[in-house]
Amino acid sequence: MGEILIETKDIGISFGGHKAVNKVNVKLEKGKLTTILGPNGAGKTTLFNLISGLLEPTEGQVFFKGTDVTHLSPLKRIKMGMGRSFQLTNVFGALTAFENVRLAMQSKENIGFKIFTDHRKYKDLNKKTDEILEKVLLKDKKDFLASELSHGEQRKLELGMVMALDPEILLLDEPTAGMAIEEVPVMIDIMRNIQNSGTTIILIEHKMDMVKALSDKLIIIVNGMFLTEGDPETVSKDPEVLKAYLGGGVLDELAVKG
């Protein structure tokens, strides 16, 4: 196994009497694209929230590059190199695509929103913003308001905003949610290029064509607990995995929402 970027040790959280995540131990390896799968209510997004700091666990620990970050805020984790996207699009509709990405980059560089400062002053930031928009295939839409973009384009813009934070690892929660089926191959290409550029990606996704095309490793979560992990071919044949999903079937049948 290569360098471990994120590790959880017996991580868990309870809401009332319900254990949404129950003593989950995972190791997320640098350079590998790992997809977390599980049926509806399995605890995948909750696990993401524990890793990224949006939730604080009731038990266990989260480590980032060997450092205990269990009680650190999401902002501090971002500054350490974690990036996170969500199931729902988070863009500023009244700003252009360019402004959305540049402001994300300004936050990374500790340059706040300065209403009386001409944006052209930030030549390096503007250049990097253009480069990111090109990576997410929105260079030709840079001057469009985010509200004018299609849903699929807004998902790409959100990905660009996360990339503007220069993360070492990206946690993407259903990045193709709501996208038209013909847009999915484009997003696959974008993520493959991001991974090839050296950024590690952790994915929650239900589109199996994407999972198969991109994933080096699958982690299966069921009822808030770790079930198994491995490469897609091995996991798809695991009897316990098949039993957990509707009583059996092939990997394609794992495409149930969670």
Return one number: the angle in degrees, 0 to 90 and rounded to the nearest 10, between the long axis of the Cα atoms of helix 151-163 and the longest principal axis of the Cα atoms of the chain. 90
Which FRET efficiency, nearest 0.05, do N126 and N223 yield, Cβ-Cβ r, R0 30 Å? 0.05
Once the Cα atoms of helix 97-108 and of the chain are each reduced to a long axis, what angle between those two axes, in degrees from 0 to 90 to the nearest 10, is obtained? 80
To the nearest 10 degrees, the tilt of helix 123-135 (Cα long axis) against the first principal axis of the alpha carbons of the chain is 50
Added length on full extension, which subtracts the Cα-Cα distance from 0.36 nm per residue, F92 to T67: 5.7 nm
Can you put T228, T67 in order, fewest other beta carbons within 10 Å first? T67, T228
Fewest Cβ neighbours within 10 Å first, please rank E240, E59, E174 accordingly. E240, E59, E174
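We did not get these values from a lab; they are worked out from the coordinates using the rules stated. Computed from a prediction, not measured in an experiment: that's the story for all the values here. We place every Cβ from the backbone using ideal geometry, glycine too, and count neighbours over all the protein chains shown.
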